[in-house]
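Q: Got a structure for you, questions after.
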Amino acid sequence: MTTDFNPPLALSRQNRQAVLDQVNQLAWLLDNSIRIPILNYRIGLDALLGLIPGLGDAAGMLFSSFIVLQAIRLGVQRPTLYRMVGNVVIETLIGLIPLLGDLFDATFKANVRNVRLLRLALDQSSPNSASRPINGKGMLATLIGALIGVVVLIGGASVALVWGIYSLFV
(Lines give C-alpha, C1' and ligand atoms only; values in the text may rest on other atoms or scores of the structure.)
Protein backbone atom coordinates (compact mmCIF):
# COMPACT_ATOMS: atom_id res chain seq x y z
CA MET A 1 0.00 0.00 0.00
CA THR A 2 1.39 3.40 -0.94
CA THR A 3 0.81 6.78 0.70
CA ASP A 4 1.17 8.67 -2.58
CA PHE A 5 -2.00 10.13 -3.97
CA ASN A 6 -3.00 12.39 -6.78
CA PRO A 7 -5.66 14.79 -5.45
CA PRO A 8 -6.67 16.33 -8.81
CA LEU A 9 -8.17 13.00 -9.85
CA ALA A 10 -10.16 12.84 -6.61
CA LEU A 11 -11.86 16.24 -7.09
CA SER A 12 -14.37 16.97 -9.80
CA ARG A 13 -14.05 20.15 -11.83
CA GLN A 14 -16.96 21.63 -9.89
CA ASN A 15 -15.34 20.80 -6.53
CA ARG A 16 -12.02 22.23 -7.68
CA GLN A 17 -13.75 25.46 -8.64
CA ALA A 18 -15.49 25.56 -5.25
CA VAL A 19 -12.12 25.17 -3.50
CA LEU A 20 -10.60 27.92 -5.67
CA ASP A 21 -13.53 30.22 -4.88
CA GLN A 22 -13.13 29.46 -1.18
CA VAL A 23 -9.41 30.27 -1.05
CA ASN A 24 -9.97 33.36 -3.20
CA GLN A 25 -12.57 34.66 -0.72
CA LEU A 26 -10.29 33.86 2.22
CA ALA A 27 -7.36 35.70 0.60
CA TRP A 28 -9.60 38.72 -0.06
CA LEU A 29 -10.81 38.69 3.56
CA LEU A 30 -7.29 38.41 4.96
CA ASP A 31 -5.57 40.87 2.58
CA ASN A 32 -8.04 43.27 0.92
CA SER A 33 -11.39 43.38 2.73
CA ILE A 34 -11.01 46.75 4.47
CA ARG A 35 -10.78 49.94 2.43
CA ILE A 36 -8.88 52.89 3.88
CA PRO A 37 -10.77 55.85 2.35
CA ILE A 38 -8.18 58.62 2.65
CA LEU A 39 -5.36 56.53 1.20
CA ASN A 40 -7.57 54.63 -1.26
CA TYR A 41 -5.74 51.46 -0.18
CA ARG A 42 -7.03 48.12 1.00
CA ILE A 43 -5.87 46.03 3.92
CA GLY A 44 -7.36 42.89 5.41
CA LEU A 45 -7.97 41.16 8.69
CA ASP A 46 -4.46 39.71 8.60
CA ALA A 47 -2.97 43.19 9.00
CA LEU A 48 -5.32 43.94 11.91
CA LEU A 49 -4.56 40.60 13.57
CA GLY A 50 -0.87 41.41 13.26
CA LEU A 51 -1.36 44.33 15.63
CA ILE A 52 -1.78 41.84 18.48
CA PRO A 53 1.82 40.98 19.42
CA GLY A 54 2.71 37.33 18.84
CA LEU A 55 -0.78 35.86 18.93
CA GLY A 56 -2.05 37.91 16.00
CA ASP A 57 0.84 36.79 13.80
CA ALA A 58 0.30 33.17 14.81
CA ALA A 59 -3.43 33.42 14.03
CA GLY A 60 -2.68 35.04 10.67
CA MET A 61 -0.20 32.26 9.90
CA LEU A 62 -2.80 29.60 10.65
CA PHE A 63 -5.39 31.24 8.38
CA SER A 64 -2.79 31.62 5.63
CA SER A 65 -1.83 27.95 6.01
CA PHE A 66 -5.34 26.93 5.01
CA ILE A 67 -4.66 28.19 1.48
CA VAL A 68 -1.47 26.11 1.32
CA LEU A 69 -3.31 23.03 2.58
CA GLN A 70 -5.95 23.48 -0.12
CA ALA A 71 -3.17 23.75 -2.71
CA ILE A 72 -1.86 20.38 -1.50
CA ARG A 73 -5.39 18.99 -1.81
CA LEU A 74 -5.61 20.32 -5.38
CA GLY A 75 -2.33 18.60 -6.29
CA VAL A 76 -0.08 21.61 -6.83
CA GLN A 77 3.53 20.58 -7.40
CA ARG A 78 6.26 20.96 -4.78
CA PRO A 79 8.09 24.04 -6.13
CA THR A 80 4.89 26.07 -6.03
CA LEU A 81 4.02 24.73 -2.58
CA TYR A 82 7.46 25.68 -1.29
CA ARG A 83 7.02 29.23 -2.63
CA MET A 84 3.61 29.42 -0.98
CA VAL A 85 4.99 28.24 2.38
CA GLY A 86 7.86 30.70 1.95
CA ASN A 87 5.39 33.56 1.48
CA VAL A 88 3.57 32.62 4.69
CA VAL A 89 6.82 32.26 6.66
CA ILE A 90 8.22 35.58 5.36
CA GLU A 91 5.03 37.44 6.20
CA THR A 92 4.89 35.86 9.66
CA LEU A 93 8.55 36.43 10.58
CA ILE A 94 8.67 40.02 9.39
CA GLY A 95 5.25 40.57 10.96
CA LEU A 96 6.85 39.91 14.36
CA ILE A 97 8.75 43.21 14.14
CA PRO A 98 6.62 45.83 15.90
CA LEU A 99 5.08 48.46 13.60
CA LEU A 100 7.43 47.79 10.66
CA GLY A 101 6.14 44.22 10.50
CA ASP A 102 2.54 45.45 10.52
CA LEU A 103 3.25 47.78 7.60
CA PHE A 104 4.95 44.95 5.74
CA ASP A 105 1.98 42.68 6.48
CA ALA A 106 -0.41 45.22 4.98
CA THR A 107 1.62 45.56 1.79
CA PHE A 108 3.10 42.09 1.13
CA LYS A 109 -0.30 40.30 0.98
CA ALA A 110 0.98 36.72 1.11
CA ASN A 111 -2.51 35.25 0.74
CA VAL A 112 -3.27 37.05 -2.52
CA ARG A 113 0.19 36.04 -3.78
CA ASN A 114 -0.47 32.42 -2.84
CA VAL A 115 -3.86 32.31 -4.58
CA ARG A 116 -2.19 33.79 -7.67
CA LEU A 117 0.50 31.08 -7.51
CA LEU A 118 -2.17 28.41 -7.01
CA ARG A 119 -4.21 29.54 -10.01
CA LEU A 120 -1.10 29.83 -12.18
CA ALA A 121 0.03 26.32 -11.20
CA LEU A 122 -3.39 24.86 -11.94
CA ASP A 123 -3.63 26.69 -15.28
CA GLN A 124 -0.20 25.40 -16.35
CA SER A 125 -0.90 21.79 -15.48
CA SER A 126 -2.99 19.78 -17.83
CA PRO A 127 -5.16 16.90 -16.65
CA ASN A 128 -3.37 14.47 -18.98
CA SER A 129 0.17 15.43 -18.05
CA ALA A 130 2.13 12.72 -16.29
CA SER A 131 3.67 14.01 -13.10
CA ARG A 132 5.02 12.35 -10.04
CA PRO A 133 2.31 12.31 -7.40
CA ILE A 134 2.90 14.24 -4.21
CA ASN A 135 3.34 12.33 -0.99
CA GLY A 136 0.53 14.01 0.93
CA LYS A 137 1.79 12.96 4.35
CA GLY A 138 5.33 14.12 3.64
CA MET A 139 4.24 17.50 2.29
CA LEU A 140 1.85 17.98 5.17
CA ALA A 141 4.63 17.09 7.63
CA THR A 142 6.93 19.63 5.95
CA LEU A 143 4.27 22.34 6.16
CA ILE A 144 3.45 21.57 9.79
CA GLY A 145 7.16 21.49 10.66
CA ALA A 146 7.72 24.90 9.09
CA LEU A 147 4.70 26.33 10.87
CA ILE A 148 5.73 24.86 14.24
CA GLY A 149 9.15 26.43 13.76
CA VAL A 150 7.56 29.82 13.17
CA VAL A 151 5.29 29.39 16.21
CA VAL A 152 8.34 28.55 18.34
CA LEU A 153 10.06 31.70 17.07
CA ILE A 154 6.94 33.73 17.86
CA GLY A 155 6.81 32.22 21.34
CA GLY A 156 10.50 32.90 21.93
CA ALA A 157 10.15 36.50 20.75
CA SER A 158 7.11 36.99 23.00
CA VAL A 159 8.93 35.58 26.04
CA ALA A 160 11.94 37.81 25.31
CA LEU A 161 9.68 40.84 24.97
CA VAL A 162 7.83 40.13 28.22
CA TRP A 163 11.12 39.43 30.02
CA GLY A 164 12.58 42.69 28.69
CA ILE A 165 9.56 44.71 29.83
CA TYR A 166 9.58 42.94 33.21
CA SER A 167 13.28 43.71 33.71
CA LEU A 168 12.61 47.43 33.15
CA PHE A 169 10.36 47.53 36.20
CA VAL A 170 12.33 45.31 38.56
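Q: Ordering Ser65, Ser33 from largest to smallest accessible area (1.4 angstrom probe), what's the sequence?
A: Ser33, Ser65
Q: Another question, if that's okay. For Thr80, Thr92, Thr107, write out the residues from largest to smallest accessible area, computed with a 1.4 angstrom probe and no ligands counted.
A: Ranked from most to least accessible, the order is Thr107, Thr80, Thr92.
Q: Ok, one more. With every protein chain in place, what's the accessible area of Arg83 (1.4 Å probe, Å², nearest 10)?
A: 150
Q: Given N residues in the stretch 52-126, what is Rg(Cα) / (2.2 N^0.38 Å)?
A: 1.14
Q: Right, next: If amide H atoms are built 1.01 Å from N in the plane of the peptide, which residues on other chains or at least 5 residues away come under 5 Å of the amide H of Arg42?
A: Close amide H contacts, sequence-distant or interchain: Ile36.
The values are calculated or read from the model by the stated rules, or taken from the named source; none is laboratory data. Predicted model only: the values in this text are computed from it and were never measured. Ligands, DNA and RNA are stripped out before the accessible areas are found, and what is left, the full protein with its side chains, is counted by its heavy atoms. Shrake-Rupley method; radii C 1.70, N 1.55, O 1.52, S 1.80 Å.
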